[in-house]
Amino acid sequence: MKIKQGKIALSILLAGSLLAAGCGDKPAASDPKSEGSGTAQKTGGTLSISLDSDPPKLDPFSSTALVDRMVFQSIFDKLVDLDEKGDIIPMLAEKWDVSPDQKSYTFTLKQGVKFHDGTDFNAEAVKFNFERNMDKASNRKNELNSVEKVTVSDPYTVKVDLSQPYAPFLSVLTDRAGMMVSPAGVEKYGEDFLNHPIGTGPFVYKERQKGSSITLEKNANYWQKGLPYLDKVEYKIMNDANVALMNLKSGQVDITNKFPFKEIENAKNDTKISVINESGQGYQGLHLNTTKAPFDVKELRQAVDLLIDRDAIVKVVLSGAGSPAHSPFAKSQFAYGDSDKSEQPNVDKAKELLKKAGKESGFTFTLKIGTSPTNQQVGQMIQNMMKPAGITVNLEKVEFGTMLEQAKTANYEAVAIGWSGRPDPDLNIYDFAVTGSSNNYPRYSNKEVDRILGEARVEGDQAKRKAKYDEAMRILNDEVPYIYFYHDHNVFGLSNSVEGFTYVPDGLIRTVKLSKK
């Protein structure tokens, strides 16, 4: 990954972590509806995007869901962003300088930018956002725990001092930790800000109908001249990808954030829609609660892991739109290596582990899964994979927001929650494995893992960082607090009436330059 502003040292730290492997049927770069096609884009109109889940929390401070981030791209601008190559580029920060010791970042901000409530975006607002996201109640606190002090140098200059070098720092700011919310809005709404989100982005929050839709309207005072093109963006909640596809074909939606994998091949012959099928940075799998039975016993976690047929899941459920996983690192990330390769399913060895744990005749556990057909299909496959070893799996379907809350409070035995992935490997592992971290739903604790991952995030040499991740994964793949199934692809359905779409490797749909014919 290159960084288009700032010191070369940071580009070395992040290089190679975002080389998305394209496998699209109709690549965005060459599609006539993509940005840069040479034709003037139409202004006005409403664009509808289907989301497979209802976004639980429309506030970067508390958000933990991918669908939240889809909507955030329209409401909130960030200090820095990613482009289609995965390079870090300026956004609300025009430029930045990094000190030789890589512990101080000085950001020069864009001037004349307004929040949706008419208040000024400035250095004080940036300081407010950093301090809010560093609060102990914030889900961003671990992403920013290297920040020691934020200083306003002048109205449009902010200095951020780190306690130690932190390799992923700029990468972190391309997502929720770098999103700027209105300080006045937070003061006005308090904890209810998540129902009244106010940013500087191209669209303004208008209303939502829980479980049905979220409506945004054009920001007439947007700082990027001539943008956005659209008058309105509407997100429609459609849990079933097949239903979303029907709505795409009928023109009721223009983009779907999920696409039925078995329909990818058929879509090649459809003149009304295209499919964007690109390698993602995340993973899917199971959290196992290590604090209570049955998964407080390592051998039982190992047995379940050993019985998972990852190739079968990718083939049957994803129709090949994914790759088997045994680590949080996809092939596009520099930390990818042998840790991502798993053993073939082995019933005899699993039975030996059960015997060692005193469960020779097997055991029963409840697996919480989401409500989508894909979730249910994976759950049923897991059930069948466990049976030969005498393990019974009871499936419990849970609405996604509720499932996140149950995972966070450790109110589960096993829960199927994935991670959409981030550009830097640290953001795919640290908060999930370090003691007390926000996404460590298994309540796993290992001082050696804490030490290794702590060292990895301050190491400036990429090869040495990879060695640290290899070391950590040797422990994690043995102790198995999380069972990795596969790295999924980002597969979107796109109406041919949409113009200006550009795929960005973080897999998020940006609406600022979209229009409709």
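The values are calculated or read from the model by the stated rules, or taken from the named source; none is laboratory data. For clarity, every value in this text was computed on a predicted model and none was experimentally measured. Cβ coordinates were reconstructed from backbone atoms using ideal geometry, including for glycine residues, and neighbour counts include every protein chain displayed.
Details
- Residue match in segment 133-145 (condition: assigned to a helix (DSSP H, G or I) and buried (at least 20 other Cβ atoms within 10 Å of the Cβ)): yes
- Within the option set 153, 163, 213, 182, being touching a His at 6+ places or on another chain (Cβ under 9 Å) and either surrounded by fewer than 20 Cβ atoms within 10 Å (Cβ to Cβ) or closer than 21 Å to residue 94 by Cβ (or both) holds for one residue only, 182.
- Among the residues making up segment 394-412, a single one is surrounded by 21 or more Cβ atoms within 10 Å (Cβ to Cβ) and farther than 19 Å from residue 63 by Cα: 412.
- Neighbours by Cβ (under 6 Å, 6+ apart or cross-chain): first from segment 402-420, farther than 21 Å from residue 490 by Cα; second among the charged types (D, E, K, R): 403/368; 410/443; 412/368; 415/368
- Taken over segment 100-118, residues that are crowded, with 20+ Cβ neighbours inside 10 Å and either assigned to a loop (DSSP other than H, G, I, E, B) or aliphatic (A, V, I, L, M) (or both) amount to 3.
- Filtered residues of segment 98-143 (kept if under 26 Å from the mean Cα position of the chain (by Cα) and acidic (Asp, Glu)): 131, 135, 143
- Residue 269 meets all of the listed conditions (1) surrounded by fewer than 21 Cβ atoms within 10 Å (Cβ to Cβ); (2) within 26 Å of the chain's Cα centre (by Cα) but one, namely (2).
- Residue list for segment 173-219, restricted to those being of a type in the set (D, E, K, R) and over 18 Å from residue 139 (Cα atoms): 187, 188, 206, 207, 208, 210, 217, 218
- Filter result for the condition that a residue is crowded, with 21+ Cβ neighbours inside 10 Å and within 30 Å of residue 226 (Cα to Cα), over 505, 442, 481: 505
- Residue within segment 355-378 that is touching a helix residue (DSSP H, G or I) at 6+ places or on another chain (Cβ under 6 Å), among the hydrophobic types (A, V, I, L, M, F, W, C), part of a helix (DSSP H, G or I) and farther than 28 Å from residue 427 by Cβ present: no
- Any hit, segment 244-257, residues being small (Gly, Ala, Ser), within 23 Å of the chain's Cα centre (by Cα) and closer than 26 Å to residue 371 by Cβ: yes
- Residue in segment 3-21 that is at pLDDT 50 or above, over 19 Å from residue 427 (Cα atoms) and not in a helix (DSSP H, G or I) present: no
- The residues of segment 119-130 that are in contact (Cβ under 8 Å) with a residue 60 or more places away in the chain and surrounded by fewer than 19 Cβ atoms within 10 Å (Cβ to Cβ) amount to a single one, 119.
- Within the set 306, 230, 245, the sole residue that is surrounded by 17 or more Cβ atoms within 10 Å (Cβ to Cβ), in contact with a helix residue (DSSP H, G or I) (Cβ under 9 Å, 6 or more places away or on another chain) and over 17 Å from residue 53 (Cα atoms) turns out to be 306.
- Residues (under 18 Å from residue 176 (Cα atoms), charged (D, E, K, R) and modelled with pLDDT under 95) located in segment 70-110: 83, 87
- The set of residues from segment 422-462 being in a loop (DSSP other than H, G, I, E, B), more than 14 Å from the chain's Cα centre (by Cα) and over 18 Å from residue 481 (Cα atoms) comprises 457, 458, 459, 460, 461.
- Whenever a residue of segment 346-364 is farther than 8 Å from residue 389 by Cα, its partners that are among the aromatic types (Phe, Trp, Tyr) and surrounded by 16 or more Cβ atoms within 10 Å (Cβ to Cβ), lying with C-beta atoms within less than 9 angstrom and at least six residues away or across chains, give the pairs 354/363; 357/363.
- Any chance residue 62 is part of a loop (DSSP other than H, G, I, E, B), surrounded by fewer than 20 Cβ atoms within 10 Å (Cβ to Cβ) and among the polar types (S, T, N, Q): yes
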